[in-house]
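Engineer: Here you go, one structure.
The values are calculated or read from the model by the stated rules, or taken from the named source; none is laboratory data. The structure presented is a predicted model; accordingly, all values stated were derived computationally and were not measured. Here the Cβ is made from the backbone with ideal geometry for all residues, glycine too, and neighbour counts use every protein chain on show. These area figures cover heavy atoms from the full protein model, side chains too; ligands, DNA and RNA do not enter into them. Shrake-Rupley method; radii C 1.70, N 1.55, O 1.52, S 1.80 Å.
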Amino acid sequence: MLLRHTPLKIQDRKALSVNPAKTCQPIGAMYAALGIHGCLPHSHGSQGCCAYHRSTLTRHYKEPIMSGTSSFTEGASVFGGQANLLQAINNIFTIYEPDLIAVHTTCLSETIGDDVLQITRKARDDGKIPEGKHVIHASTPSYVGSHVTGFANMTKAMVNYFAESTGKKKNQINLIPGYVEPPDMEEIRRLAELMNLSTVMFPDTSGVLNGPQTGRYRMFPPGGVTIPELISTGDSMGTIAMGEYASGDAARVLDTKCKVPCKILDLPIGLQATDRYIDALRKQAGTEVPAQINFERGQLLDIITDMQAWFYGKKVALAGDPDQMIALSEFLVAIDMWPVYVVTGTPGKIFEKRINEITKNSPYPVKVKAGGDLFLLHQWIKNESVDLLIANTYGKYMARDSDIPFIRYGFPILDRIGHSYFPSVGYRGGMRLLEKILDAILDRKDRDSPEESFELVM
Amino acid sequence: MENLKILKERKDQIYQKGSESFEMSCEKNSLAGSISQRACVFCGSRVVLYPIADALHLIHGPIGCAAYTWDIRGALSSGPQLHRFSFSTDLSESDIIFGGEKKLYAALDELIDIHKPKAAFVYATCIIGIIGDDIDAVCRKVSQEKGIPVIAVHSEGFKGTKKDGYAAACNALALLVGQGEISKIGPLSLNIMGEFNIAGEAWSIKEYYQKMGLEVVSIFTGDGRIHDIKKSHGASLNVVQCSGSMLTLANHMEEKYGIPYIRVSYFGIEDMSKALYDVADFFNEDPSVMNRAKEIVKQEINAIYPQLKKYKKALEGRRAAIYVGGAFKAFSMIKALRSIGMSVVLAGSQTGKQEDYECLRDMCDDGTIIVDDANPLELSKYCLEKKVDLFVGGVKERPMAYKLGIGFCDHNHERKISLAGYDGMLNFAREVYSSVKSPVWDLMP
Ligand code: SF4
Ligand code: SF4
């Protein structure tokens with residue numbers, strides 16, 4: 001068995017991470033940048049990082065992922081990467097013709113102390129950036145935070161570089177969806193549109209990373225937020241941001257910079273969190289919640305009612321990104337399941353506090369860890385098992401070793417496709433999550449039931 | 001896209017066979033800003049050493065470099081699975097400022113106690129080269145304390161390409177070679193080099209050699225064990241598989257231990273058979289080896305030939321593009337594709353050498369495009385121009401090929417089926433056939 005090397009005894013580890021539950025900032029920045037229409041992400045560092053980030057995103061989305069790299073060599077790492085970045089900007093606008101380049105740094109360029117802002121200014125002064133084109137940047141050292149931090153930093157950069165307030169308000173709201181999948185972004189927008197709101201959502205990877213097969217390869221697919229839309233965010237009536245970790249900073253900066261009031265919510269995963277999102281939309285729109293949305297809510301509630309007996313008292317282990325874990329834990333508690341182990345790789349204090357609050361009435365002791373890893377989670381499971389595991393693809397090793405039902409959720413997912421097409425946010429996303437949970441639990445029951453109690457109707 | 005601009009500086013890295021001058025401007029650093037498909041030094045070292053299953057592989061750096069290389073390659077082990085864990089010192093900001101040596105020491109100390117590996121490899125990533133940790137000193141110290149080899153792999157990403165990573169890995173292995181007991185190893189013995197046991201390939205190759213009456217002392221590094229590597233200098237011959245990743249070590253062993261090496265490829269019927277014959281030829285003092293080799297070749301070819309013929313009939317005249325890491329692999333690929341009726345109209349590599357490209361040119365038909373370190377736009381442009389039916393490439397090329405409505409075959413470390421040897425050839429033909437003839441292409445808009 002693959003993970004038989006995981007020992008039962010839990011030691012305090014300070015010096016290392018084993019089987020990480022996070023990855024590094026640049027990949028989050030790259031993902032966010034792909035949510036701008038006509039954008040080519042650019043990795044300011046050596047080639048390897050960029051190749052890894054592209055490969056990982058490619059495996060997760062099964063789509064071609066493009067990104068330039070400054071291709072650092074020994075020289076650049078001694079003398080700084082200015083020459084490389086200037087040449088890169090020039091080359092990229094010449095061959096690939098994007099509308100903008102979104103530069104993120106890597107550990108290497110951060111450590112040698114390149115000042116990307118100054119370099120891009122120089123590029124502008126030297127005439128290397130064609131009229132009407134843009135270069136933006138986010139600082140994303142990987143020894144701080146995680147891929148979620150990188151996503152947050154690039155989203156914040158979109159505000160810093162583009163948002164403008166003309167003094168004349170526009171009848172629209174901003175949506176900052178957080179580090180969620182393309183279909184989640186689509187669903188977040190759909191719900192807002194059902195409320196008759198016009199929206200600008202950023203970033204928006206729907207249609208970029210889950211586009212159709214057309215028989216043509218387009219380097220810049222039709223989706224993504226446009227630059228004029230990004231500029232207009234400064235004139236919006238308000239901002240609804242989802243997920244403190246991924247979207248909080250951008251929302252606050254927009255508030256400070258352009259006086260666009262923001263509301264920062266949990267990701268709308270599950271019934272109550274979606275209720276709060278709908279409520280925020282309702283207040284913005286000043287209208288009633290339309291029948292369609294109430295209908296979907298009712299359907300979700302109906303499933304919870306019908307299948308309550310199967311949810312009752314099940315213990316769940318969770319690993320994933322902080323915003324997701326917080327909302328998901330709340331949902332699980334609402335359906336009478338109990339998150340007992342919750343791990344995120346991303347460091348940060350609020351996480352543990354939120355999870356502890358959400359699970360405070362739990363009949364079981366709850367273990368929670370920010371900045372943890374899957375090795376620790378596996379040790380917890382080995383010491384006392386659970387009824388269900390929810391984690392990214394790497395969870396399958398634990399699920400197999402400890403023989404527990406398993407749902408793939410999070411990043412990366414390297415062996416299934418659903419995340420590219422079906423949302424897990426909103427009421428409909430909640431239904432999908434419940435279907436997955438029930439499939440996993442009931443399939444297991446069917447597998448394990450002795451013949452005499454093997455049931456047809458469940 | 002059809003009238004794609006090619007950067008001036010890139011012109012010397014693209015060549016169409018038949019056009020006049022030929023001097024591939026290869027082996028140079030990628031242009032900043034081009035979307036290169038290349039990886040880094042660390043990637044090369046990791047690929048080569050990773051299959052050693054009873055060693056601890058600790059990546060010294062921030063989390064990303066470790067996270068992205070966590071068990072993404074299918075190098076199979078028949079025993080321990082320790083290599084499939086992801087160990088990282090996960091450096092944080094204060095480590096960058098104050099240095100990571102203490103952390104590295106503590107990590108090694110803990111991990112070796114918990115997992116009791118037979119050796120440990122410590123990979124230096126880019127940042128280590130900048131902050132200047134003396135990882136050699138830490139490794140030496142831990143090695144003394146724990147009594148196992150603890151080896152620093154100097155694989156800082158920016159210090160070159162994947163090829164330099166291969167060399168760094170070879171240097172690390174060279175420290176192990178020569179430490180084992182060799183008195184029981186006979187003269188009819190060899191090491192398999194450059195075979196990583198993707199989808200169990202090393203096992204089938206090993207079986208061929210064993211059937212020929214040869215002793216396989218060590219496999220570098222597929223299903224690898226420290227114990228075997230230590231005694232590998234007892235073998236009479238090193239058989240180095242094409243990609244060139246192990247050449248540094250083969251040269252070293254030739255110099256230091258007088259072990260000659262031959263280069264082979266296990267891909268395609270022609271090259272696979274040649275490999276067995278070449279090895280048998282080396283051991284020609286015992287004619288039974290050659291006789292057995294002939295017997296194996298005959299049997300194996302007979303076993304797959306009827307089916308192969310069927311695929312060939314179906315694929316006759318189809319066109320392929322290949323884009324590989326090292327160019328040597330391309331040679332076998334071209335022959336193998338020809339043997340199933342296909343022609344290669346585009347051939348490229350990430351890190352080929354001038355003589356590789358010359359060899360490619362000589363092998364290719366007129367009109368074939370040859371590229372060094374290509375970007376995706378160039379690849380897709382030529383695929384369309386040349387009306388390619390099949391793309392043979394790695395993970396980053398697959399979705400691009402599909403988007404263009406082109407079949408795809410993964411030759412890289414991530415594939416799940418064995419492509420080596422005779423069965424491998426049949427697998428390859430089947431995979432090509434299933435992709436090229438997939439009914440999905442009839443549904444394209
Ligand atoms: S952790 Fe740093 S060095 Fe490693 S892949 Fe990420 S950005 Fe590159
Ligand atoms: S940091 Fe260096 S070693 Fe790590 S992936 Fe990037 S280029 Fe490779």
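Engineer: Please determine whether any residue of the range B:355-367 is within 26 Å of B:M444 (Cβ to Cβ), part of a loop (DSSP other than H, G, I, E, B) and in contact (Cβ under 8 Å) with a residue 12 or more places away in the chain.
Structural biologist: For the range B:355-367, residues within 26 Å of B:M444 (Cβ to Cβ), part of a loop (DSSP other than H, G, I, E, B) and in contact (Cβ under 8 Å) with a residue 12 or more places away in the chain: present.
Engineer: Considering only residues that are within 15 Å of ligand 1 (Cβ to nearest atom) and acidic (D, E), which ones fall in the range A:106-158?
Structural biologist: A:E110, A:D114
Engineer: Among the listed residues B:Y166, B:Y123, identify the single one that is of a type in the set (S, T, Y), crowded, with 24+ Cβ neighbours inside 10 Å and more than 20 Å from A:V18 (Cα to Cα).
Structural biologist: B:Y166
Engineer: Mind checking which pairs have a first residue in the range A:206-225 that is within 13 Å of chain B (Cβ to nearest Cβ) and a second that is among the charged types (D, E, K, R), Cβ under 6 Å, 6 or more apart or different chains?
Structural biologist: A:L209/A:E63; A:Y217/B:K403
Engineer: Right, next: Restricting to the range A:26-51, name every residue that is within 14 Å of ligand 2 (Cβ to nearest atom), within 18 Å of the chain's Cα centre (by Cα) and of a type outside the set (V, I, T).
Structural biologist: A:P26, A:M30
Engineer: Just the residues that are over 14 Å from B:E215 (Cα atoms) and assigned to a loop (DSSP other than H, G, I, E, B), please, taken from the range B:170-192.
Structural biologist: Across the range B:170-192, the qualifying residues are B:L175, B:L176, B:V177, B:G178, B:Q179, B:G180, B:E181.
Engineer: Still on this structure, please answer the following. Looking at the range B:326-350, which of the residues that are of a type outside the set (A, V, I, L, M, F, W, C) and open to solvent by 20 Å² or more (accessible area, probe 1.4 Å) is farthest from B:I14 (Cα to Cα)?
Structural biologist: Going through the qualifying residues, I end up with B:S339.
Engineer: Filter the range A:230-273 for residues that are among the basic types (K, R), more than 30 Å from A:R432 (Cβ to Cβ) and not in a loop (DSSP other than H, G, I, E, B) and give the result.
Structural biologist: A:R252, A:K257, listed by residue number.
Engineer: Please enumerate the residues belonging to the range B:398-435 that are open to solvent by less than 10 Å² (accessible area, probe 1.4 Å), among the aromatic types (F, W, Y) and within 16 Å of B:K312 (Cα to Cα).
Structural biologist: Passing the criteria: B:Y422, B:F428.
Engineer: Identify all residues within the range B:31-48 that are outside any loop (DSSP other than H, G, I, E, B) and within 14 Å of ligand 2 (Cβ to nearest atom); write none if there are none.
Structural biologist: Across the range B:31-48, the qualifying residues are B:V41, B:F42, B:C43, B:G44, B:S45, B:R46, B:V47.
Engineer: Continuing with this model, one more query. Out of curiosity, is B:L111 open to solvent by less than 20 Å² (accessible area, probe 1.4 Å), over 19 Å from B:A66 (Cα atoms) and away from ligand 1 (no atom under 16 Å from the Cβ)?
Structural biologist: So B:L111 does not fit the description; no.
Engineer: Please work out if B:G99 is assigned by TED's automatic domain parsing to the domain that holds B:V48, away from ligand 1 (no atom under 16 Å from the Cβ) and at pLDDT below 95.
Structural biologist: Answer is yes for this residue.
Engineer: Within the range A:357-383, work out how many residues are of a type in the set (D, E, K, R), in contact (Cβ under 8 Å) with a residue 12 or more places away in the chain and open to solvent by 20 Å² or more (accessible area, probe 1.4 Å).
Structural biologist: 3
Engineer: To continue, here is another question. If you scan the range A:400-415, which residues turn out to be within 13 Å of chain B (Cβ to nearest Cβ) and without any contact (Cβ under 8 Å) to a residue 24 or more places away in the chain?
Structural biologist: A:D415
Engineer: So, restricting to helices (runs of 4 or more DSSP H) that lie completely within the range B:65-139, which ones have at least 2 residues that are more than 8 Å from every other protein chain (Cβ to nearest Cβ)?
Structural biologist: Correct list: B:93-98, B:101-115.
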